[in-house]
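What follows is one structure encoded as structure tokens, with my remarks underneath.
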Amino acid sequence: MAETINRKLTPAGLPGRRGKISSEKPGNALRVFGRIFTYLGDQKLSMFVIILLLLVNTLATLSGSYLLRPTINKYIIPHDIAGLINMIAVLLALYIMGSVASMIQNRMMITVAQRTIHKIRTDLFCRIQSLPLQFFDSHSHGELMSRFTNDLDNLSDSLNTGITQILSSFLTLTGILFMMLYISPLLTIVTLVIVPFMLWVAGRIINKSKTYFSAQQGALGALDGYVEEMIRGQKVVKVFCYEKNALDDFEVLNKDLRDKATHAQLYSGVMMPVIQNLNTINFALTAAVGGIIAIVKGLDIGGLAAFLQYSRQFGRPVNEISNQYNSLQAALAGAERIFQIMDEIPEKPDEPQAESLQKINGDVEFRQVSFGYSPANPVLKKISVMAKAGQKIAIVGSTGAGKTTIMNLLPRFYDISEGQIFIDGINIVNIKRDDLRKSIAVVFQDTHLFTSTVMENIRYGRLEATDQEVISAAQLSGADSFIKRLPKGYLTILESDGGNLSQGQRQLLNIARATIARPSILILDEATSSIDTRTEIIIQKGIDQLMKNRTSFVIAHRLSTVRNADEIIVLEHGQIIERGNHEFLLQLKGRYYQLYSAQFD
Amino acid sequence: MKSYFPFLSNYRKAIYLAPLLVIVDVICEIVQPELMSKIVDVGVKQKSLPYILHIGMIMLILSLIAIAANVGNVYFSSRTSVGFAAELRKGIFTKIQTFSFSNLDKFGSASLVTRLTNDVNILQDLVMMMLRLLIRAPLMLLFAVFFAIRINAGLAIIIAIAIPLLSLSIYFLLHRGLPYFEKMQAKLDIVTRVIQENLINVRVVKSFVRENYENKQFDLASGDLRAMAVKASGIVVLIMPVMQLVMNISIVAIIWFGGVEIISGHFQVGQLMSFITYITQILMSLMMLAMSIMTFSRAGASSKRILEVLNQQPDILDSDEAILKNRQPQKGKIEFRKVYFKYQEQSPEFVLKDISFTASPGETIAIIGSTGSSKSTLVQLIPRLYEVTGGQILIDGADIREYTLENLRNRVALVLQKNELFSGTIAQNLRWGNPQATQEQIMTAAKIAQAHEFIMSLPEKYESVLGQNGVNVSGGQKQRLCIARSLLKNPLILILDDSTSALDIQTEANVRAALKSNSNPPTMLIIAQRISSIRSADRILLLENGEINGIGTHEELIHGNKIYQEIYHSQQLV
């Protein structure tokens, strides 16, 4: 069991460990970066100011350190108190200026970063809204959520502080190097002898930790996946006394993660102190050689002091860059995944000649329609159905016969591969998609509601409906009586998908929502299957009201609900095998008769 | 805190060694500036090359020792923190395995997963931080203060001002900023909820053409989040510049007062330089300490959530007597004797009231009743998934509490209404019922459950891989797999809790017939909505509001029970 789990579960889409080091390399970092840059939009000026302020702060810090040299050489050693006071004033002014610049810069960057993130987030959301249902069939919710949470978080962190920190570290490093060269080229060379070594060590550690981190990510993904699955299925585990097996499998994954994580943590943790210590060695070397140069070559004491100051500061930007480099990579990888979704192709735009339909009659015709979710697997084969305005068409058949699929085609949730569908004689591909969908209401089997009041949930069917209209729709569909008994009536807030309501009550709200939409065509997809039949009678009255004068399609298991349909279509393996009204089909003594007698026998 | 000691017990040595190495490292580092000042004040002043080389060597050696100490510390702290996390995860997972259904209901699976993953990770980071920083920062601070005072007690007054100044600024900024973080979290939750609801409701949104409306709603929520994030982070990002300011002003003050002292001859240039280094180290350590404390307080919430799980008493356990006797159910006779049940002790009303009935071995009893009449609850009491509040359930004449859970549940197969399949092949899933099952046994079970035919139509047949929770099979196929899985247990008692609702009537009838054709059929309890599914049962038990409203055959109830008549008619008429 554990092996298959290991093999099957990939870390993709699973929440990363705050994505410290991502296993993925951003395919084309520059391109992704450029795309993020376009999101700055009109904030490019702010960005310019931010870089300017960054420069001010870096220069202030660097020159502050340098001023130690004249302070010691010109004023302290020659005992010039007045000059010292001047120097102190200059230093104070410099430092305050630097800090103020840094404060403003930091705040501005947060504003810019959050605006950018907001833009990307809404763009991503809008794009997802526009994608066809096939996309949702092939992407799990968890995967899509992690684009919004993990990936966007990483990006947000990097934009908030990461990028400016890298920039300022580079500036500082260049500045220090420049100042060192200025003070003593010879001592600089001594100092720099160790730098390639430092970079080499840093490179080695980063490489190692990258490998181990991706191993850790993999192990973590496997464990998280296993845990999630087992905990969700914990009740089944109990029923099958599977606890010991579950624990054994868990331990295999847990140990694996422990071993890999130890390495990952070791290498990522060792980076900072090692660089710091190497810097201390550098400092020791510089102090000793600096002292010698001061004696032999006559380097001034102030210069040595300033130089040592710089050499102490050397380690921090190196550390900073290596740290931020990792997070930046993770952020870019996340951004790339976000952009991948943004590049998905949305639902086909309306044809240019598409008609705008205000009011339709409700004649529906399926003509020789074939369809499959993938070309290799046809689900429906040459289906033809004719419904006159106001008629009720029922579709029955075994599980998996393609009943729901037919009804997914009418509102163009999926586009058909062969044949045509007409509404009022117009091919539906020539109707504006929004108008088409607005004229059809679907009552789904799974009733999902939104976190909002009962009123708003019903109004979802037609946003401009007045409160009075909402209430009459609820009355019509038979939901009014239970809504009134809720603690706050229509203003009761439904939470977590209407969890505080019974299945039947949720279904009634669903029907009320469809009622208020005033559709010309109604589709009921197993709308009452999970309700007991006595409750169903109540709901059925609502449904009957709703179906009056509307073309309706009903999919049901319970044949009692389909008996009075104008036409009943029996579907088997994607093909219509029988059709006709109830009496006719019973006389036929075919599949429908079989189904029917199994029910009432 | 103490509750976590057992999870650290394997790492005792490392827990002592890691801080010890920190101390070595700190000592090696803290004397560096002092030595450096000697090079300037003694070596350069006296122009003594050997002295400079000598001190330089010492500095170098100390640095090398520091590197070794540091690497050692990281090694021990990584090993400890990661090992601790692994032990803790195991502890929590093991604990969860002992939970009863009501324990599980209390936490909810999503929350348990978070505790087992995120919260553990947070504590892992915390242990790591404790072993690396929590000792280092205060130690560094103390040593640096000590050395600074040793160099010049007068100048140390600057330190005495800088430390509280910086502490107060950090405190003030965090105090202002952190509440915004909480508010930001609330806004983030809203954004997450909107996304989630839109993903669940994608068909609803599309069919009502509400894309633009939802986009606008999301834009508002996201905009709120943005505003709060700017407020929260906007304050916290000031910490670094403020710290920089305090540090730099202190340095200027040291140059001024130190400079004056050098001029008056009491102080040396090298000492001034090392003093500056010390104050830098002091304030840095203070920062580190503040950050550690913040992490610490944040981890508190995670720790609380984990302890809740660890301290939860599983409310259904084997009694010593049951373990000792190791009794096995033999025939499959079920008897309910005046059973009462409620989910929580404090709830005023019983969910099941005064339930008494008997099912003989091999008998089929159907349970029917409207949604919310506690049918599922009733059957879940039999394998002790919940414990009865009053009365008794007996199997083969013995109270179910006299069997061990394992013996009981091995012979009682319950196909849950909300069932789960697991990622793996179909055969692996079916083997849950019996890990030793032969291919033949698996196929027989699948045939009875009417699953064989569709399994054989899959490209990989029994070796077809199911996605998480069987996403790649239809609802009806899933139900049939779940039935087959239960049949492999070779149960004495088989309970089907609305487990055929997604099957069409013909298939359902086939499943029933196959179950009955067994030479030694199990005692069956069947919950169903459709009269057609239950009318052939030996007896039908009608539940209404948690009470038995009627019991008898279809014929008896159709004539004598009003509610049953209503149900029957509701299924006959439109």
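Observations
- Test for B:T444: is it more than 9 Å from chain A (Cβ to nearest Cβ), closer than 30 Å to B:I367 by Cβ and touching an Asp or Glu at 6+ places or on another chain (Cβ under 7 Å): no
- The single condition among (1) within 9 Å of chain B (Cβ to nearest Cβ); (2) surrounded by fewer than 18 Cβ atoms within 10 Å (Cβ to Cβ) that A:E143 does not meet is (1).
- Of the residues making up segment A:356-383, those that are in contact (Cβ under 8 Å) with a residue 24 or more places away in the chain and loosely packed, with under 14 Cβ neighbours inside 10 Å are A:S356, A:Q358, A:K359, A:Q368, A:P375.
- Search result, residues across segment B:78-93 that are under 13 Å from B:T117 (Cβ atoms) and more than 7 Å from chain A (Cβ to nearest Cβ): B:A85, B:L88, B:I92
- Residue check, B:E363 in the same structural domain as B:I527 (by TED's automatic domain parsing) and more than 28 Å from B:S519 (Cβ to Cβ): no
- Any chance B:Q268 is more than 7 Å from chain A (Cβ to nearest Cβ), within 30 Å of A:S520 (Cα to Cα) and surrounded by fewer than 22 Cβ atoms within 10 Å (Cβ to Cβ): no
- One residue stands out among those in segment A:221-235 that are more than 17 Å from B:L88 (Cα to Cα) and facing another protein chain (nearest Cβ under 7 Å): the one that is surrounded by the fewest Cβ atoms within 10 Å (Cβ to Cβ), which is A:R232.
- Spans of helices (runs of 4 or more DSSP H) in segment A:407-485 with at least 1 residues surrounded by fewer than 20 Cβ atoms within 10 Å (Cβ to Cβ) and in the same structural domain as A:K381 (by TED's automatic domain parsing): A:433-438
- Just so you know, in segment A:558-584 the residues that are surrounded by 21 or more Cβ atoms within 10 Å (Cβ to Cβ) and touching a Lys or Arg at 6+ places or on another chain (Cβ under 8 Å) include one that is nearest to the other protein chains (Cβ to nearest Cβ), and it is A:R558.
- Residue in segment B:95-108 that is on the phi > 0 side of the Ramachandran plot and more than 7 Å from chain A (Cβ to nearest Cβ) present: yes
- A:F250 vs. criteria more than 27 Å from A:R316 (Cβ to Cβ) and either touching a Leu at 6+ places or on another chain (Cβ under 9 Å) or in contact (Cβ under 8 Å) with a residue 40 or more places away in the chain (or both): yes
- Residue list for segment A:395-406, filter: under 17 Å from A:I440 (Cβ atoms) and in a strand (DSSP E or B): A:I395
- Residues in segment B:178-227 that are more than 8 Å from chain A (Cβ to nearest Cβ) and in contact with a Gly (Cβ under 9 Å, 6 or more places away or on another chain): B:Y180 alone.
- When the criteria are applied in full, B:I262 meets the requirement of being surrounded by 17 or more Cβ atoms within 10 Å (Cβ to Cβ), within 10 Å of chain A (Cβ to nearest Cβ) and among the aliphatic types (A, V, I, L, M).
- Residue in segment B:228-239 that is more than 8 Å from chain A (Cβ to nearest Cβ), surrounded by fewer than 22 Cβ atoms within 10 Å (Cβ to Cβ), out of contact with any Phe, Trp or Tyr (no Cβ under 8 Å at 6 or more places or on another chain) and free of Cβ contacts under 8 Å to residues at least 40 places away in the same chain present: no
Listed here are the residues, each with its yes/no results for (1) in contact with a His (Cβ under 7 Å, 6 or more places away or on another chain); (2) free of Cβ contacts under 8 Å to residues at least 40 places away in the same chain; (3) outside any loop (DSSP other than H, G, I, E, B); (4) surrounded by 21 or more Cβ atoms within 10 Å (Cβ to Cβ).
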| residue | (1), (2), (3), (4) |
| --- | --- |
| B:Q313 | no, yes, no, no |
| B:D318 | no, no, no, no |
| B:I323 | no, no, yes, no |
| B:K331 | no, no, no, no |
| B:Y340 | no, no, yes, no |
| B:P348 | no, yes, no, no |
| B:D354 | no, no, yes, no |
| B:F357 | no, no, yes, no |
| B:A366 | no, no, yes, yes |
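- Tally, over segment B:141-180, of residues that are farther than 26 Å from B:M228 by Cα, of a type in the set (S, T, N, Q) and surrounded by fewer than 19 Cβ atoms within 10 Å (Cβ to Cβ): 0
- Among the candidates B:V31, B:V40, B:V24, residue that is modelled with pLDDT under 90 and more than 9 Å from chain A (Cβ to nearest Cβ): B:V31
- Condition broken by A:S158, with the remaining ones in (1) more than 10 Å from every other protein chain (Cβ to nearest Cβ); (2) not in a helix (DSSP H, G or I) satisfied: (2)
- Members of segment B:523-551 found to be polar (S, T, N, Q), within 27 Å of B:P329 (Cβ to Cβ) and buried (at least 21 other Cβ atoms within 10 Å of the Cβ), listed by number: B:T523, B:S533
Matching residues to (1) out of contact with any Gly (no Cβ under 9 Å at 6 or more places or on another chain); (2) more than 30 Å from A:I166 (Cα to Cα); (3) within 11 Å of another protein chain (Cβ to nearest Cβ):
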position	(1), (2), (3)
A:K297	yes, yes, no
A:D300	yes, yes, yes
A:A306	yes, no, yes
A:I321	yes, no, no
A:A354	yes, yes, no
A:E365	no, yes, no
A:S384	no, yes, no
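- Flag for B:P164 being at pLDDT 90 or above and in the same structural domain as B:V252 (by TED's automatic domain parsing): yes
- B:F218 meets each of the listed conditions (1) touching a residue at least 12 places away in the same chain (Cβ under 8 Å); (2) surrounded by 19 or more Cβ atoms within 10 Å (Cβ to Cβ); (3) more than 28 Å from A:P519 (Cβ to Cβ) apart from (3).
- For first residues located in segment B:175-199 and free of Cβ contacts under 8 Å to residues at least 24 places away in the same chain and of a type in the set (A, V, I, L, M, F, W, C), partners that are assigned to a helix (DSSP H, G or I) and surrounded by fewer than 18 Cβ atoms within 10 Å (Cβ to Cβ) and lie 6+ apart or on another chain with Cβ distances below 6 Å form the pairs B:L199/A:H141.
- Any chance A:R69 is crowded, with 17+ Cβ neighbours inside 10 Å, farther than 30 Å from A:G225 by Cα and without any contact (Cβ under 8 Å) to a residue 24 or more places away in the chain: no
- Scan of segment A:238-252 for residues that are at the interface with another protein chain (Cβ under 7 Å from one of its Cβ atoms) and among the hydrophobic types (A, V, I, L, M, F, W, C), ordered by number: A:V239, A:F240, A:C241, A:A246, A:L247, A:F250
The values are calculated or read from the model by the stated rules, or taken from the named source; none is laboratory data. This one's a predicted model, so the numbers in the text were calculated from it and none came from an experiment. Reconstructed Cβ throughout: ideal geometry from the backbone, glycine too, with neighbour counts over all protein chains shown.
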